[in-house]
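Please read the structure below before turning to the comments.
Only the coordinates and a few stated rules stand behind these numbers; no lab work does. Remember, it's a predicted structure, so these values are computed and weren't measured experimentally. Counting neighbours? That spans all protein chains shown, and the Cβs are built from the backbone with ideal geometry, glycine included.
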Amino acid sequence: MHRYKPIIDDWEAFREACGRTAVKTVRRNCIKAGDDFEERLRREFDSVEQSSWNPDVYRLPGTDLPGKSMLHWLGEYYVQEESAALPVKIMNPQKDENILDMAAAPGGKATQIASEIENCGSVIANDSSGKRLQSLHANVYRTGSASITVTNYDGRQLPEDENYDRILVDAPCSGEGDQCRRDFDPAPEDEIEGLAELQKQLVEKGARLLKEEGTLVYSTCTIAPEENEGVVEHILENTDLELERIDTEAPHTRGVERFEDRSYSEEMNKTVRVYPHHLDSGVIYVAKFRK
Ligand SMILES: C[S@@+](CC[C@H](N)C(=O)[O-])C[C@H]1O[C@@H](n2cnc3c(N)ncnc32)[C@H](O)[C@@H]1O
């Protein structure tokens, strides 16, 4: 991870956070959670803190297995990293919209979209992995996300007879966000290159599927600028998508304009990077485009 020392805003805090276990967090599911949700959550867990930037997210310090609670099985909450709840907040889905989640399994963000629109609208939750669709189906069922239809395409092959108001490309990535808590090694270079290419193709497809004036959010849980800013730069040069500045109350730093021998457009400061020390959670990179 020393490769990234020049671009991480507080290297010591980053290293320290990577050495700690992340605080478990759950996201309230508006479809199933009752009015007394918070009261019941506080009865179930010793320590409950509401997230500073997303009132639906609760931090449970000292809890290891929130997935074992009845509130989980009843679908009243979804166990989700605090950082992972950011892309959908930024996408800002609205009721009655036609929405596509291009790489959706196991469904953390697709069920978050269904919760935000309270099941009023259509959410296509697509994933290319048949195996991962099992957990996607289970999560859709448990959370009562009736607005979700599950499909099983390679995202690059999705039919173009439908257009969407909003698209999420929560891309397959080198996952250095998880890695930094384990062995602290960056992902191999060829893996990063291959994934960056796949991400470019998925976002290009998203650009074709998006309605005029529509919003596309691209996110990864990795640090490598070849995937994040490198993909955004390619999209700006090769599609009619434009970057929109992200403003969020979640602690973050901005996308980078320079890394090793590469430089990226100064527009990268419209995108955000969240590291483990920002939220005591995972890594997330988010860019928001408008067609
Ligand atoms: C970061 S995970 C998605 C996590 C999910 N959005 C969530 O919040 O639970 C990336 C997903 O991309 C899927 N994937 C990989 N290649 C794909 C492709 N070509 N088209 C569609 N999905 C793909 C993987 O199976 C994986 O489930």
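Values as computed for the structure displayed
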item: Using a Förster distance of 30 Å, the FRET efficiency for Lys211-Ala138 (Cβ separation, nearest 0.05); result: 0.45
item: Semi-axes of the equivalent ellipsoid for region 160-291, Cα gyration tensor, largest first, Å; result: 24, 16, 14
item: Charge dipole magnitude, Cβ of K and R +1, D and E -1 - region 23-80, Cα centre, debye nearest 20; result: 180 debye
item: Euclidean distance between Cα centres, region 249-291 to region 52-123, Å; result: 21 Å
item: Derived scalar couplings ³J(HN,Hα) [region 169-178; Karplus, 6.51 cos²θ - 1.76 cosθ + 1.60; whole Hz; x for Gly, Pro]; result: 10, 8, 6, x, 9, 6, x, 5, x, 6
item: Gain on full stretching of the segment that runs from Lys131 to Leu65 - 0.36 nm per residue minus C-alpha separation; result: 21.4 nm
item: Range of Cα positions in region 1-93 per principal axis (Å), largest first; result: 46, 32, 20
item: C-alpha center-to-center spacing [region 137-155, region 156-170] in angstrom; result: 15 Å
item: Inter-probe distance in nm under a simple model that places probes 7 Å from Cα toward Cβ, at Trp53 and Glu191; result: 2.7 nm
item: Karplus (6.51, -1.76, 1.60) ³J(HN,Hα), θ = phi - 60°, over region 108-116, in Hz, Gly and Pro reported as x; result: x, 7, 5, 6, 5, 4, 4, 5, 4
item: Vicinal HN-Hα couplings computed from phi for region 68-81 (Karplus, 6.51 cos²θ - 1.76 cosθ + 1.60; Hz; Gly/Pro x); result: 9, 7, 4, 4, 5, 5, 7, x, 6, 9, 10, 6, 8, 4
item: Under 19 Å from the Cα of Lys270 - lysines, other chains or at least 8 residues apart; result: Lys89, Lys200, Lys288, Lys291
item: Cross-link pairs beyond the 18 Å C-alpha cut-off, checked among Lys32/Lys131; Lys24/Lys68; Lys32/Lys109; Lys95/Lys205; result: Lys32/Lys131; Lys95/Lys205
item: Sequence of His277, His234 once ranked by neighbouring C-beta atoms within 10 Å, starting from the fewest; result: His234, His277
item: Estimated [θ] at 222 nm from DSSP helical runs (n ≥ 4, -39500 (n - 2.57)) normalised by residues in the chain, nearest 500; result: -8500 deg cm²/dmol
item: DSSP bridge pairs, the chain: antiparallel proportion in percent, nearest 5; result: 60 percent
item: Relative counts (whole %) of C-alpha pair distances in region 14-59, using bins that are 5 Å wide; result: 5, 18, 26, 22, 15, 6, 6, 3
item: Where Rh is the Kirkwood radius over Cα pairs, Rg/Rh for region 75-142; result: 0.93
item: Coarse-grained scattering of the chain at q = 0.07, 0.14 Å⁻¹, given as base-10 log I(q)/I(0) from a Debye sum over alpha-carbon atoms; result: -0.24, -1.03
